[in-house]
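Remarks on the structure that follows.
The values are calculated or read from the model by the stated rules, or taken from the named source; none is laboratory data. All of these numbers come straight from a predicted model, not from anything done at the bench. Because the Cβ atoms are built from the backbone with ideal geometry, glycine has one as well, and the counts that use them run over all protein chains shown. Keep in mind that these areas ignore ligands, DNA and RNA; they rest on the heavy atoms of the full protein, side chains included. Shrake-Rupley method; radii C 1.70, N 1.55, O 1.52, S 1.80 Å.
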Amino acid sequence: MRYDLIIRNGLCVLPWGEVQTSLGVRDGRIASLGVRADDEAHEVIDASGLHVLPGLIDSHVHLREPGNAGVETIETGTRGAALGGVTMVFDMPNTNPPITDRDMIAWKQEHVPRHAWTDFAFFVGATRENTPQLAALEQMRGVCAIKVFAGSSTGNLMIEDDAGIEAVMRSGHRRIAFHSEDEYRLQARKPSFHSGQPYATHSEWRDVECAFLGTRRIMALARKTGRPAHILHVSTAEELSYLQGYRDVSTVEVLVNHLTQIAPDCYERLEGLAVMNPPLRDRRHYAASWAAIADGTVDVVSSDHAPHPLEAKRRPWPDCPAGLTGTQTIVPLMLDHVNAGRLSLARLVDLMAAGPARVYGLQGKGRIAAGYDADFTLVDMKAERTIENAWIASPCGWTPFDGQRVKGWPMATIVRGRAIMRDNAMIGAPDGWLARFAP
């Protein structure tokens, strides 16, 4: 047999377990899970000593394009993702201008293949004006879901009232992704806080009830309309417990930050570099997030990569913008958690490959199986490295994890049978494809 690519002797994380085997790739897809010793290929990668994972997906990033190229672009963001072992990203719509209509979707469809290193999908932002068109917009090529900002975050997209959210839920049928903080509570509490207060005040303003109330409201509307909802960046013990009763209409995302950083220490160490929405919380919520990983409540782990200029993040609270870099560091951090015994490698694959595919209806990706796209993340579970600002590809040039030592590191990123990163070096040129989704 002759293949385009053979990955030899890796410990492959298959849907049914870890198997030491060699994989064969032809025409960008997985052709064999049992390549023979005498089979040949145009390219051979020796994966001895490495784990071969299905291509890991970061299904929540803000790549800021169109917008501010000095902070991030699709090229720099996906380059960072690839350096970090990510083979596909799902980009949020709160750009400038936002992705809310056919013209901007067409721009994204044309722009991505020329600039993205990884494969790519993107959200369409819901507005009051485009609600009647959402059923058609969600079917356009490359669109992974509709995104609703029910609480204010970075950008101007927002539908905060029940009537507006219900109208969105009645337009179309695919799962909707929600930023579920309650805007009314946010605004009512805002006058109680003032400039110059400690950065930890961010978690007091955007408190547990702000998040929990938003999620309760959305679940009531999901049940009422029968429209499935994906609750993004769930950050509280209360929400995680509550959502167990709504699995018929909900799926759950938790961020790597809420699994890694704990208040108030993170605010004392990082100041503005710890400010994000929803906020980093105390150890009770950190423990609840890990318990929800263990019991299957969580479907997806993402980064919510949202870069800002370093000088802006150094402003006093609340003038520092919310959002942290993360797509380049999510895989090393999660591998470190695996090595620490907090989850298995199989569970990591479920959360960052099979999970995003299941939640969003992604076709041909998310597992190592014959006929699927040949996307692989090759990792060395024994490699120890220190995350550093100098490694970060984003033009903003910082990570909240600068100086953190981790065990487990991505050694190669392969997209549709093409190695785009090996040993921390990029290969070739951007050639990302738009993802395919179930209608």
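Before moving on, here are some points about what is shown:
- Spin-label pair H173/R189, simplified geometry with 7 Å Cα→Cβ offset, distance in nm: 3.9 nm
- Potential extension, V19-A37 segment - 0.36 nm per residue separation minus Cα distance: 4.9 nm
- Relative to the 2.2 N^0.38 Å rule of thumb, region 248-328 has a C-alpha radius of gyration ratio of 1.17.
- FRET E, pair L310, D162, Förster distance 56 Å, beta-carbon r, rounded to 0.05: 0.90
- Taking every alpha-carbon pair under 8 Å whose residues sit at least 6 apart, the chain reaches a relative contact order of 22 percent.
- Point-to-point label distance, D27-D103, nm (Cα→Cβ direction, 7 Å offset): 4.0 nm
- Total lysine pairs whose alpha carbons fall under 27 Å of each other in region 56-360 (8 or more apart, or interchain): 5
- Fully extended contour minus Cα-Cα distance, from D46 to R284, at 0.36 nm per residue: 81.3 nm
- Nearest-20 debye value, region 304-439 charge dipole, Cβ charges on Lys, Arg, Asp, Glu: 300 debye
- For region 235-302: accessible area per residue (Å², 1.4 Å): 32 Å²
- Kyte-Doolittle at least 0.0, axis length at least 24 Å by Cα - qualifying DSSP helices, the chain: 208-225
- Helix-only arithmetic for the chain: the sum of -39500 (n - 2.57) across DSSP H runs with n ≥ 4, divided by the residue total, places the mean residue ellipticity at 222 nm at -7500 deg cm²/dmol.
- Gain on full extension, evaluated as 0.36 nm per residue between R247 and A425 minus their Cα-Cα distance, stands at 59.9 nm.
- Remark: region 1-132 projects, on average over all directions, an area of 10.5 nm² (convex hull of Cα atoms).
- Rounded FRET efficiency, nearest 0.05, which uses the C-beta distance separating K224 from E268 and R0 of 51 Å: 0.75
- Sequence-separation-based contact order of region 104-260, relative, with Cα cut under 8 Å and 6+ spacing, percent: 18 percent
- In the chain, one over the average inverse separation of all distinct C-alpha pairs is 21.7 Å, which is the Kirkwood hydrodynamic radius.
- Backbone N under 18 Å from the R436 label point (7 Å along Cα→Cβ), restricted to region 31-49: 31-32
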